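Working notes, structure below.
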Amino acid sequence: MPRETFFNLDNEKKEKILLAAIKEFTNNELHKSRVSNIIKEAGIPRGSFYQYFEDLDDLYYFVIDDAFDKIFYEGYKNTELTNDIFKYTELTFEVDITTYMNDNRHKFIMNVLKSIGSNVEYLEQHNKKRRQYIMDVLKQMDLSNIKIKKTEELIKLYELLQNFKRIVIQKSLIRQLSKEEAQDLLKWHLNIIKNGVIIKEEL
């Protein structure tokens, strides 16, 4: 967590430092990031940096925590638009694919995932926060027409839908699909989950 001196800065200066940090973390994984690049971009002395942050890791995890919080917030806002879990998946997909089509945003997320992969303590904390987010989303959904009822299985369903989103995004990038084509591909996958592929025999 940044020191109190950072939070006491005016908003313009704080924003300048954070934007400089995001730029550095977009271009590099944590172990390749440099304080010197951040202070040069932000236009602050090196001494000031250590008045604001304990070290580079302190700034890094503050920045990515804020990024994940914004992702969760944006995702949760879609529960105000629908209580259908499949429609919710389509709505959040639109945000996700826009993010991935933005080269800088994509690079930032990819570097974050690589950087936190070996930090067991942070991953545990992040996974707890993500699990709570999933449960909060599920509470807003009308699941009365879903066969499975157990919380753990519903969480697995949510994660399955997220996995389909990732698969479609990867295919879209490889095949250079338009956003509309990608959305149609996602709908095909969701329809398979909803309706299955086995023809039911009449009794």
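Close Cβ contacts (under 8 Å, 6 or more residues apart or on different chains) running from residues in the range 1-30 that are of a type outside the set (S, T, N, Q) to residues that are surrounded by fewer than 16 Cβ atoms within 10 Å (Cβ to Cβ) and outside any helix (DSSP H, G or I) comprise Arg3/Glu54; Lys16/Gly43; Glu24/Arg34. Within the range 4-45, being under 14 Å from Tyr60 (Cα atoms) and acidic (Asp, Glu) holds for Glu24, Glu29. Annotation note: Cβ proximity below 9 Å between a residue of the range 51-74 that is among the polar types (S, T, N, Q) and a residue that is in a helix (DSSP H, G or I) and exposed (fewer than 13 other Cβ atoms within 10 Å of the Cβ) (sequence gap 6+ or interchain) occurs for Gln51/Thr5. Here Val63 meets each of (1) in a helix (DSSP H, G or I); (2) exposed (fewer than 14 other Cβ atoms within 10 Å of the Cβ); (3) within 25 Å of the chain's Cα centre (by Cα) with one exception, condition (2). Which one of these does Val95 not meet: (1) modelled with pLDDT of 95 or more; (2) in contact with an Asp or Glu (Cβ under 7 Å, 6 or more places away or on another chain)? For Val95, the exception is condition (1). The residues listed here are Phe93, Phe53; of these, the one that is closer than 27 Å to Gly117 by Cα and in the same structural domain as Gln140 (by TED's automatic domain parsing) is Phe93. Could you grab me the full set of residues in the range 96-123 that are exposed (fewer than 14 other Cβ atoms within 10 Å of the Cβ) and closer than 27 Å to Asp184 by Cα? Selection gives Thr98, Asn102, Asp103, Asn104, Met110.
Checking Glu180, Glu121 one by one, the residue that is without any contact (Cβ under 8 Å) to a residue 40 or more places away in the chain and closer than 26 Å to Asp65 by Cα is Glu121 and no other. Taking the range 1-29 as the range and being surrounded by 13 or more Cβ atoms within 10 Å (Cβ to Cβ), of a type outside the set (S, T, N, Q) and not in a helix (DSSP H, G or I) as the test, the residues that pass are Pro2, Arg3, Leu9, Glu29.
A count restricted to the range 78-108 and to residues that are under 14 Å from the mean Cα position of the chain (by Cα) and among the acidic types (Asp, Glu) stands at 2.
Each row is one residue, and each column tells you yes or no for (1) at pLDDT below 95; (2) in contact with a helix residue (DSSP H, G or I) (Cβ under 8 Å, 6 or more places away or on another chain); (3) crowded, with 17+ Cβ neighbours inside 10 Å; (4) of a type outside the set (S, T, N, Q).
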{"site": "His31", "(1), (2), (3), (4)": "yes, yes, no, yes"}
{"site": "Ser36", "(1), (2), (3), (4)": "no, yes, no, no"}
{"site": "Tyr73", "(1), (2), (3), (4)": "yes, no, no, yes"}
{"site": "Asp84", "(1), (2), (3), (4)": "no, no, no, yes"}
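The values are calculated or read from the model by the stated rules, or taken from the named source; none is laboratory data. Computed from a prediction, not measured in an experiment: that's the story for all the values here. Cβ atoms come from the backbone with ideal geometry, glycine included; neighbour counts cover every protein chain shown.
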